[in-house]
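Structure record follows, encoded as structure tokens.
The values are calculated or read from the model by the stated rules, or taken from the named source; none is laboratory data. Only a predicted model underlies this, so the values are computations on that prediction, with no experimental measurement involved. Cβ atoms come from the backbone with ideal geometry, glycine included; neighbour counts cover every protein chain shown. Protein only, heavy atoms only, side chains kept; ligands, DNA and RNA dropped before computing areas. Shrake-Rupley method; radii C 1.70, N 1.55, O 1.52, S 1.80 Å.
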Amino acid sequence: MLIAVLIAIISLGLSLTMYFGILPIQGSSSNEVGENSINRIMYASRDTDYTPALDYEKVPDCEINIIVEEGESVYISFSGQWAMTADGFGLAGAQIAIDNTAIDSSRRQEDGIVTSIFTHVIELSTQHVATGLSAGPHIISIEAIGLGTNAVIRDMNLFVYTYS
């Protein structure tokens, strides 16, 4: 019991450290060196199951149109669940695309063997910070790939914010 509590406390501490170390923190009005201000926050979700293809393709209803101002950067985060409902091997992956160009460093793939008739669910998530985008409109989308018996990606959330 004590070990479980210690692991939970350490996990929480590491999560908070990663959260505050990765995401820019909204700065005060003085805009001191090292502080960032969040300018716009956008969100899209897809609640219906999506059956991915054997090659990466855009997930319908999982994109955001943004306008980037001069000097802004963009933080992008995606999460979803990959579910397989039959015995066998499966693979699912997701990647972020900006203006229909895949960001290779955002590619995440999970595979597994399901040996049960019960649904096997794996969290599928990725993130990317885009700096140096040209000012103007851009399309942020999610592309997915999948292989397996009755494999679907569900409960997808795409979160984007611009900051300077």
> What net charge is computed for the residues neighbouring Thr131, neighbours being all others with C-beta under 14 Å from the C-beta of Thr131, Lys and Arg scored +1, Asp and Glu -1?
Replying inline: -3
>> For segment 28-119, which chymotrypsin sites (Phe, Trp or Tyr not before Pro) pass both filters: DSSP loop (anything but H, G, I, E, B) and at most 13 other C-beta atoms within 10 Å?
In response: Phe118
>> Quick check: at a probe of 1.4 Å, how many percent of the accessible area of segment 59-164 sits on carbon and sulfur atoms?
In response: 50
> Summing Lys, Arg as +1 and Asp, Glu as -1, what charge do residues with Cβ under 9 Å from the Cβ of Thr48 carry, Thr48 excluded?
Replying inline: -1
> So what is the accessible area of segment 39-109 per residue, in Å², with the probe set to 1.4 Å?
Replying inline: 50
>> Restricting to Cα pairs below 8 Å that are 6+ residues apart, what does the relative contact order work out to for segment 38-164? Please round to a whole percent.
In response: 48
> In percent, how large is the relative contact order of segment 98-164, given Cα pairs closer than 8 Å and 6 or more residues apart?
Replying inline: 41
> Which value, in Å³ per residue, describes the convex hull spanned by the Cα atoms of segment 70-127?
Replying inline: 79
